[in-house]
Structure formats: structure tokens, C-alpha cells
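Working notes for the structure below.
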Amino acid sequence: MDAFRITGGTRLSGRIRVDGSKNAALPEMAAALMAQTPVQLRGLPQLSDIDNMVTLMTELGCEIERDGEDVRIVNSGNGSWHARYEIVKTMRASICVLGPLLARYGKARVAMPGGCAIGDRPVDLHLRGMEALGATVELDGGDIVVEAKRLKGATVFLGGPFGSTVLGTANVMCAATHAEGVTVIESAACEPEIMDLADMLNRMGASITGAGTPRITIRGKGSLQGCDHRVMPDRIVAGTIAIASAITNGDVIIDDFPYDHLLAVIDRLNATGVRVHREDEAQPASRCTVKVTSDRRLEPVLFTTQPYPGFPTDLQAQMMTLLCFADGNSIVTEKIFPDRFLHVSELVRMGAKVYRQGGTVVVQGVQRLVGAPVMASDLRGSASLVLAGLAAEGETTVSRIYHLDRGYCHLETQLNSLGAQIERFDPDATVAASEDKIKSTSY
């Protein structure tokens, strides 16, 4: 397993572009299963999760051509409708093929998904939505099996104990495009990724209104055609880069920055003393250029993770790391995944003063963090440890960065282009080389 060796203390500066959104690309790739003609997706990030999705789509019978960040998907309609555990276990988002498979073939068999260990993320809302549209649902050998001779429009409520479900909304929205009549999703996820998927489906011939609001209306159309669609910028990558600039007291220009999708984050950054300034007001707010700078003295803040448009849970760990350097006590409350604090103990190893009580963490600002060996346990937590390493004194080693590779495209290369000092290496190979050297010099 690869690891990062980070030499901290370098101020980031320069210019960088935000990659396409993984969380938008995966359900959009799945939606191509419903198209009668080829689908062209542009601007996909080159990530392990995208690679895994390509593998899954190929096994489901699609022909896929990749050209850098662009992917062309052709589904013959004669493919498999079984998403096997061997592939699905690598990423939770593979559940997003459930709705498209049911729409295209009238049946789907999808293994229960895997993903990061950040707490319970049940799929019951997905299944409730399929049942509301007239499908039968059962579990067989760890697989979800859904089947419907005919899907019928219905009113589907997708509210859950921690808010709505993004992938559940995507699944119901896709399946409803093939349902007879009108489907209304109440308490739908409002995330920009859902708006981007709805835009793509409408380009394919669907009739969807209300995406981005808690009520989405879908008028069933039957068959869908292919389209040419550019994936939206990744708001979590954008936020991570902005915080990387802030935590190093940097001066970074970020292109393709989804400003209007990060208003809650920008609000908290401003309160901390970080400035995110739009360079050209004529550019669309969903894909603009910003400059990120910060005060030398950071203010403590309070924030709570919430469903969009609130502060995103996927930036909680990164923001917490920044607040380790604030002059005072900050309070972080996690309302989406209450157990999403695996990074806390690792930050403490680096000298942070972070105290957890249930779903709330108190961050007492310190003058400095000190480099140390730390271990990543989930995707966004690993990003927070990289940020800590950038600002820490001395050398930090972040192990198990395969988590990071699921959501960030060569993050070390991107940050190094801004002046960071990050080296990717294989600890096992390093140990083996050292042992060989010892053996060759021994008598």
C-alpha cells in the first residue's frame, strides 16, 4: 500500500484547476445504462472509483472507450443485470446502478455495497423508493434483488433520520423516467450532483423538474437516448484545495471553482479569516476562478454539517484540521455521520488538542502541529491528514492512502505544483530494500 511522506512548512502558491466531480460522475455513468444510443461524458476525474465503475459497467454489458477525462458508453441492452459483490464491495456508490438496471431490464440484482468505515449508511430508502414504484424487493445471499413487470409513477418520500439520500434520490429519479405516469419525490436530496444528473437525464429525453429542491417531479418517458454531457466540478476537491491554501497561509488561484455550491463553506472560511475572492464576476458562479488567501491569525468558529446547502460532511475533517490553528476554541458538530471522527486520534498524534463527545468535537487551537506517522481510515479523513502534514513542522507519513485515491486525482502532484513537498512511496518496498541491504553487508 502506498503512503505519503510530507515535509511541512511550505507556503502554497500558484494556479490549479478543479477536477470533475466523482459524486456526480458515478450516477451519471450508471444512468448511461438506460440510453438506447451512445453517451459521451466529459471531464471525468481519473480516480480508482471511476476505474471500478468502468469495470462494473463493462461487466454489465457496456462498451466503454476512454480518452483521458472523456468516456464514451454504449449499452447494447443485452447485458447482465447482476452487479456482483466482487466489484461492488470496492465502492458504496455502485448502488447507483440499481435504478437504471430496473428501468432498462425490469429487474436488477445488486450486491450490498461497501465503502468507507464512517458509520451506518443503510440502503432502506433506496428500496422503499423502488417498492413505491411497483417493484418487489428481496435479499438473497447478500444481494438486493428488485423486479417489476411494470413501473408506475407514485409519490415517494425519501426523508431519513439524517436527512435525505443523494444516491437514493438518483436511483428513484432514474427508475421513474421509465415509470408510467408522474412520480413525485418528496424530501429529495438537493445536492448539486442531483441537479447535474437531472440535467443529463433531460438531455437524454427525460422530463424532470424541481431538481435542487426538496420536491422533484418526473414524467415517465419510456426509452431514453444518448447525450453529450460535461460533469460538474468537484465541490469537495475545490473545498479541500481552498483549505490547503488557507492552512499554509498560501496564495492560490483556483479555476473551475463551484462557488455557488460552496456558500456554506465559504461563509465559515470567511469567519475564520480566509478570503475566497471571485476573480471575474462575469463567469458563471458554478464554474469560476477564485483566489484564496488568509489572515495570519485565524479566528475560531462553530459549524454543523447538514444536507445541502448546509456545510457538507465531506469537508468536516478538512475544516477541523484548519481550526487546529485558530486562536481559540472551535466547535464542530457532525449531523450526517455521527461516527465520522476517525481522523481525530491521528490529529492528536500530531499535537492537536481535539476533544470528542458523541457527535460534537471541541478544537482548541494550538501554535503548531508536529509531523508524525499517521494512518488514514477513510477518504476525507485522509485528506485532512495530508493538510495537517502540509502545515506541520517536520516530516509526516500518511499511510493507507488508497482511501485518498478514491476521491482525489493524484493529489500529491496537484499540491506539489503549488509548492508542496509530498512524496508517494511504497513502505513495504522500502522495508524490503533495507532488509536486502542489511543482508548484503552482513558476514
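Would you mention how many residues in segment 342-364 are closer than 13 Å to Met320 by Cα and modelled with pLDDT of 95 or more? Reasoning before the result, please.
Kept after step one, since they are closer than 13 Å to Met320 by Cα, are these residues of segment 342-364: 342-348, 352-356, 360-364.
Okay, now just the ones that are also modelled with pLDDT of 95 or more, so 343-348, 352-356, 360-364.
Within segment 342-364, residues that are closer than 13 Å to Met320 by Cα and modelled with pLDDT of 95 or more number 16.
Which residue, of Gly205, Gly212, is farther than 29 Å from Thr10 by Cβ and touching a Cys at 6+ places or on another chain (Cβ under 7 Å)?
Values: Gly205 fails: touching a Cys at 6+ places or on another chain (Cβ under 7 Å).
Within the list Gly205, Gly212, the selection yields Gly212.
Looking at Ile331, is it β-branched (Val, Ile, Thr), outside any helix (DSSP H, G or I), surrounded by fewer than 23 Cβ atoms within 10 Å (Cβ to Cβ) and modelled with pLDDT of 95 or more? Before the answer, list the steps.
On the way: β-branched (Val, Ile, Thr): yes; outside any helix (DSSP H, G or I): yes; surrounded by fewer than 23 Cβ atoms within 10 Å (Cβ to Cβ): yes; modelled with pLDDT of 95 or more: yes.
The answer is yes for Ile331.
When you scan segment 250-284, how many residues do you find that are touching a Lys or Arg at 6+ places or on another chain (Cβ under 8 Å), part of a loop (DSSP other than H, G, I, E, B) and surrounded by fewer than 17 Cβ atoms within 10 Å (Cβ to Cβ)?
So the answer is 1.
Only residues that are closer than 15 Å to Cys324 by Cα, free of Cβ contacts under 8 Å to residues at least 40 places away in the same chain and assigned to a strand (DSSP E or B): list them for segment 291-308, please.
Selection gives Leu302, Phe303.
For segment 36-56, give me the residue count where each residue is surrounded by fewer than 23 Cβ atoms within 10 Å (Cβ to Cβ), farther than 20 Å from Val386 by Cβ and touching a residue at least 60 places away in the same chain (Cβ under 8 Å).
The number of residues fulfilling the criteria is 6.
When you scan segment 57-80, how many residues do you find that are surrounded by fewer than 20 Cβ atoms within 10 Å (Cβ to Cβ) and outside any strand (DSSP E or B)?
10
If I ask for residues that are small (Gly, Ala, Ser), more than 26 Å from His126 (Cα to Cα) and modelled with pLDDT under 95, which ones from segment 15-54 would you list?
Narrowing segment 15-54 to residues small (Gly, Ala, Ser): 20-21, 24-25, 30-32, 35, 43, 48.
Applying the additional criterion that residues be more than 26 Å from His126 (Cα to Cα) yields 43.
The answer is none; no residue qualifies.
Have a look at Gly239, Gly226, Gly205 and point out the one that is out of contact with any Lys or Arg (no Cβ under 8 Å at 6 or more places or on another chain) and in a loop (DSSP other than H, G, I, E, B). Before the answer, list the steps.
On the way: Gly239 fails: in a loop (DSSP other than H, G, I, E, B); Gly205 fails: out of contact with any Lys or Arg (no Cβ under 8 Å at 6 or more places or on another chain).
Matching residue, one of Gly239, Gly226, Gly205: Gly226.
Within the group Thr10, Thr37, which residue is hydroxyl-bearing (Ser, Thr, Tyr) and not assigned by TED's automatic domain parsing to the domain that holds Gly99? Explain how you work it out, then say what you get.
Working: Thr37 fails: not assigned by TED's automatic domain parsing to the domain that holds Gly99.
Exactly one of Thr10, Thr37 is hydroxyl-bearing (Ser, Thr, Tyr) and not assigned by TED's automatic domain parsing to the domain that holds Gly99, namely Thr10.
Can you name every one of the helices (runs of 4 or more DSSP H) wholly within segment 348-416 that holds 2 or more residues which are in the same structural domain as Thr240 (by TED's automatic domain parsing) and among the aliphatic types (A, V, I, L, M)?
In segment 348-416, the matching helices (runs of 4 or more DSSP H) lie at 379-391, 411-416.
Yes or no, residue by residue, for (1) touching a Gly at 6+ places or on another chain (Cβ under 8 Å); (2) under 19 Å from Gly407 (Cα atoms):
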residue: Thr305; (1), (2): no, no
residue: Leu315; (1), (2): yes, yes
residue: Thr321; (1), (2): no, yes
residue: Ile331; (1), (2): no, no
residue: Phe337; (1), (2): yes, yes
residue: Thr360; (1), (2): no, no
residue: Pro373; (1), (2): no, no
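Could you check segment 202-242 and list, in sequence order, the residues that are touching a strand residue (DSSP E or B) at 6+ places or on another chain (Cβ under 8 Å) and at pLDDT below 95? Talk me through it step by step, then tell me what you get.
Keep residues of segment 202-242 that are touching a strand residue (DSSP E or B) at 6+ places or on another chain (Cβ under 8 Å), which gives 202-210, 214-221, 224-234, 238, 241-242.
Result: Lys221, single match.
Take the residues in segment 146-189 that are in a helix (DSSP H, G or I) and β-branched (Val, Ile, Thr), then tell me which one is farthest from the chain's Cα centre (by Cα). Talk me through it step by step, then tell me what you get.
First pass over segment 146-189, keeping only residues in a helix (DSSP H, G or I): 166-176.
Imposing the further condition that a residue be β-branched (Val, Ile, Thr) reduces the set to 166, 169, 172.
On the way: Val166: 11, Thr169: 16, Val172: 20 Å.
The residue in question is Val172.
Identify all residues within segment 338-367 that are surrounded by 17 or more Cβ atoms within 10 Å (Cβ to Cβ), out of contact with any strand residue (DSSP E or B) (no Cβ under 7 Å at 6 or more places or on another chain) and either among the aliphatic types (A, V, I, L, M) or under 16 Å from Thr397 (Cα atoms) (or both); write none if there are none.
Leu342, His343, Ala352
The values are calculated or read from the model by the stated rules, or taken from the named source; none is laboratory data. Because the structure is predicted, anything quoted here is derived from the model rather than measured. For neighbour counting, all protein chains shown are included, and Cβ atoms are generated from backbone atoms with ideal geometry for every residue, glycine included.
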